[in-house]
1. Only counting other Cβ atoms within 10 Å, I'd like Tyr27, Tyr133 sorted with the fewest neighbours first.
2. Along the principal axes of its C-alpha atoms, what lengths does the stretch 76-206 span, in descending order and rounded to whole Å?
3. Quick one: net charge around Thr132, please, counting Lys, Arg +1 and Asp, Glu -1 for every other residue with C-beta under 14 Å from its C-beta.
4. Could you pull out every residue, at least 5 positions away or on a different chain, whose amide H is within less than 5 Å of the one on Ala195? Hs are placed 1.01 Å off N in the peptide plane, and Pro or chain starts have none.
5. Determine which lysines satisfy two conditions relative to Lys53: a Cα distance under 21 Å, and not lying fewer than 8 residues away in the same chain.
6. Please turn the phi angles of the stretch 186-192 into ³J(HN,Hα) values with the Karplus equation 6.51 cos²θ - 1.76 cosθ + 1.60 (θ = phi - 60°), one per residue in order, whole Hz, x for glycine and proline.
7. Compare the peptides 192-198, 11-17 by average per-residue count of other Cβ atoms within 10 angstrom and give them in order, highest first.
8. For q values of 0.14, 0.16, 0.18 Å⁻¹, compute log₁₀ I(q)/I(0) with the Debye formula on a Cα-only model of the stretch 1-50, without solvent.
Amino acid sequence: MTKQERAMNTRHALIRSAAQAFDQHGYTRAKLSAISAGAGVSSGALHFHFDTKAAMAAAVETEATRTLHAITRNIQRKSVSPLQTLIDTTHAIAEQLRWDVVTRAGFRLNCRPSHTDPDSGPRPDLRAQWHTYVTYTLTQAAQQHTTHPSLTPRQLTTTIVGATAGFEALARQNHQWLSHTTVTTLWQTLLPTLATPSHLPQLLPGGTHTPTHPSAPVAATTAAPEAAAPVVSLAAVPVPVPVPS
């Protein structure tokens, strides 16, 4: 292994350890000593890669943002229906937030920023990007006449963004809120209202991809309920408006 490869491995280990600390304790209470210990490196090695805790948080955010953007691009390439694209995207993002601590911690750091790293550049607003991505995809569906004509993309966006944001918030106490079953139930409830009768039978509320972790156990602490479009990702869609908290 080259020196550069070892350095990259150390950096990745520190980012994951930092994500675990931020996820478990929050940004303010996370300790650098615990992060370096979790990565199996010295305090000196940590400071070689990151000057401050804010820089570590920015790195976790950056990794999460890259992952979420890659998810949306990948699904857009495979889907031919805007509504099915949206269904598949919510499943994929929910699964990623549930099982990947870096994505989960980075998303929460982004939504509730308590750190500032002047060297990391401008920070994307992932909630606003999600809001605009949903609006864009539903507008595509409306233009293809696959959504009910009495409902506007704006109305549908409010419902879908509100539901998905609520699931993410509830999942902070119980990850089951981001389970495949929960997201499928959401779409089973919404699709008969938002899709046209002719398009509804073509849609799969459970998504078109097999979950990576279909039956892994989760410790319950809160009850939970049981022609191709152009490739576009969260990053590619302009964000004209902020999303209410």
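1. So the ranking, lowest neighbour count to highest, is Tyr27, Tyr133.
2. 50, 30, 26
3. After counting each charged neighbour, the total is +1.
4. Sorted by chain and number, the residues that satisfy this are His148.
5. Lys31
6. Karplus values, whole Hz, x for Gly and Pro: 4, 6, 4, 6, 7, 4, x.
7. Per-residue Cβ counts within 10 Å, averaged per peptide and sorted highest first, yield 11-17, 192-198.
8. -0.32, -0.41, -0.50
Only the coordinates and a few stated rules stand behind these numbers; no lab work does. All of these numbers come straight from a predicted model, not from anything done at the bench. Glycine gets a Cβ as well: all are built from the backbone with ideal geometry, and neighbour counts include every protein chain shown.
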